[in-house]
Every structure is written in structure tokens, then in C-alpha cells.
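Participant: Please find one structure pasted underneath; my questions will follow.
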Amino acid sequence: MDIGERLRQLREKHGLSQRELAARAGLTNGTISLIEKNRTSPSVASLKSLLDAFPVSMGDFFAPLEDGSPPRHFYTADQFTEIAPQDDTPGPHVSLRQLGRAAEHALQILHETYPPGADTGPEALQHTGEEAGIVVRGEIEVTVDGETQILRTGDGYLFDSRLPHRFRNLSDADCVVISACTPPTF
């Protein structure tokens, strides 16, 4: 997906200038310009801040357009939708693969992969709802409202998503988490 072009279309659809979007998202208009030109990739937290300015969830931003097909009940692994920014910039990238179209349900399920050194970004995430997850492989540092904990395989978390939160893999192995968010606002 061309994140920059998709963001520009969304901004123009809502009648916002780059400066207005930057003010709403707490970023600089130069950053908006670079993202729209695909010269920089936003962190997960920055993209979430941008989309909250509309408001549009990350799931809806990355989901394919409606095709009018009947509801689905089963998905193969290759039918999940990647909702985290992915590009060719150096460094590890978080993968957030969404099961189905969250906009059609009251629950959002993600298959998350954090390579060594991956981070949701220096800015804390915040959104309406509750989220929970279980580490199925590896370990992850989770910070919620200033409290930090290293979670290992079998450990889990559950918190109000309005609290500032961040995920980082400080280990030298991939971490995999299965998570849920309700309502699907991420």
C-alpha cells in the first residue's frame, strides 16, 4: 500500500491542509509532507495519531475496500490484513496482521510480530477501548501508563487502551503476540 498517497487522499477528503492535520495530530507539517511523499515512514504511534485526527482506525486505513461479498467466518494466514506501516527503511518493523475487517465487528484480533529491536514508536499509543494479549513466543517490554513489565511466552496483558502504552522487543529473538481490542479502534 502507498501509505503517503492514502494519507493524502484521506486528508483531502476531509478538507484538511497539511498544517491543519499536523496540528490535530501533534506533528509538524514538514513531517506530514515527508510521509505523503513517501520519504519517511511513520511509526505505528505516529500513524495512529494521524488517523485519530479524522478519525479512522488503522484497521480501516489498511483494509481493502468493500467488495459486497457476504460475511466471512474463516481466514487462511495469507488473508489477514497488515495494518502496520511497512517500507524499505532500515531497522526492524512491527507487523500487525488483522483478522477480518474490524469495522464489521465489535472485536479486533491481531497477530503481532516484533522482530529484535522493533518498537511501536517513541510516542505512546492511546485509543478508545480495552486491549488484551498473550505472548505466544519470545518476550516483549510493555509500558502502560508509566508502568513497565517484560512479558515472556505465556504471559499476558489487559488494560484500558486510553492509557498511554508502548511495546518494544529488547531481546535478540522475534516476539509473537495474539491480541484483541474492543471496540476495534486501533
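Participant: Give the residues of the range 110-139 that are in contact (Cβ under 8 Å) with a residue 40 or more places away in the chain, outside any loop (DSSP other than H, G, I, E, B) and surrounded by fewer than 19 Cβ atoms within 10 Å (Cβ to Cβ), sorted by residue number.
Facilitator: H111, E130, A132, I134, V136
Participant: Another question about this same structure. How many residues, within the range 157-178, are open to solvent by less than 30 Å² (accessible area, probe 1.4 Å), part of a strand (DSSP E or B) and under 13 Å from V144 (Cβ atoms)?
Facilitator: The number of residues fulfilling the criteria is 4.
Participant: Of the residues K48, K13, K37, which is touching a strand residue (DSSP E or B) at 6+ places or on another chain (Cβ under 6 Å) and either open to solvent by 40 Å² or more (accessible area, probe 1.4 Å) or among the basic types (K, R) (or both)?
Facilitator: One residue alone meets the criteria, K48.
Participant: Any idea how many residues of the range 91-109 are under 13 Å from the mean Cα position of the chain (by Cα) and in a helix (DSSP H, G or I)? Show your work before the answer.
Facilitator: Pass one, the range 91-109, residues under 13 Å from the mean Cα position of the chain (by Cα): 93-98, 102, 108-109.
So of that shortlist, the ones also in a helix (DSSP H, G or I) come out as 102.
The qualifying residues number 1.
Participant: Still on this structure, please answer the following. Condition first: farther than 24 Å from A25 by Cβ, in contact with a helix residue (DSSP H, G or I) (Cβ under 9 Å, 6 or more places away or on another chain) and either open to solvent by 50 Å² or more (accessible area, probe 1.4 Å) or among the hydrophobic types (A, V, I, L, M, F, W, C) (or both). Now tell me which residues in the range 94-109 satisfy that.
Facilitator: Our first condition is that a residue be farther than 24 Å from A25 by Cβ; within the range 94-109, this holds for 97, 99-101, 104-107, 109.
Add one more test, that the residue is in contact with a helix residue (DSSP H, G or I) (Cβ under 9 Å, 6 or more places away or on another chain), and what stays is 97, 99-101, 109.
Of everything in the range 94-109, those that are farther than 24 Å from A25 by Cβ, in contact with a helix residue (DSSP H, G or I) (Cβ under 9 Å, 6 or more places away or on another chain) and either open to solvent by 50 Å² or more (accessible area, probe 1.4 Å) or among the hydrophobic types (A, V, I, L, M, F, W, C) (or both) turn out to be R97, L99, R101, I109.
Participant: Also: Quick check on my filter: what residues within the range 59-85 are touching a strand residue (DSSP E or B) at 6+ places or on another chain (Cβ under 9 Å) and either modelled with pLDDT of 75 or more or farther than 18 Å from T182 by Cβ (or both)? Before the answer, list the steps.
Facilitator: Within the range 59-85, the subset touching a strand residue (DSSP E or B) at 6+ places or on another chain (Cβ under 9 Å) is 59, 62-64, 77, 80-84.
G59, F62, P64, A77, F80, T81, E82, I83, A84, listed by residue number.
Participant: From the list H105, H165, H93, pick out the single residue that is within 14 Å of V44 (Cα to Cα) and in contact with a Pro (Cβ under 8 Å, 6 or more places away or on another chain). Give the steps one after another, and end with the answer.
Facilitator: On the way: H105 fails: within 14 Å of V44 (Cα to Cα); H165 fails: in contact with a Pro (Cβ under 8 Å, 6 or more places away or on another chain).
Among H105, H165, H93, only H93 is within 14 Å of V44 (Cα to Cα) and in contact with a Pro (Cβ under 8 Å, 6 or more places away or on another chain).
Participant: Please give the number of the condition T153 fails out of (1) polar (S, T, N, Q); (2) out of contact with any Gly (no Cβ under 9 Å at 6 or more places or on another chain); (3) open to solvent by 50 Å² or more (accessible area, probe 1.4 Å).
Facilitator: (2)
Participant: Moving to a separate point now. Please determine whether any residue of the range 93-109 is in contact (Cβ under 8 Å) with a residue 60 or more places away in the chain and of a type in the set (V, I, T).
Facilitator: Scanning the range 93-109, I find at least one residue that is in contact (Cβ under 8 Å) with a residue 60 or more places away in the chain and of a type in the set (V, I, T), so the answer is yes.
The values are calculated or read from the model by the stated rules, or taken from the named source; none is laboratory data. Since the model is a prediction, treat every value here as computed from it, not as a measurement. Please note: Cβ atoms are built from the backbone with ideal geometry, for glycine as well, and neighbour counts cover all protein chains shown. These area figures cover heavy atoms from the full protein model, side chains too; ligands, DNA and RNA do not enter into them. Shrake-Rupley method; radii C 1.70, N 1.55, O 1.52, S 1.80 Å.
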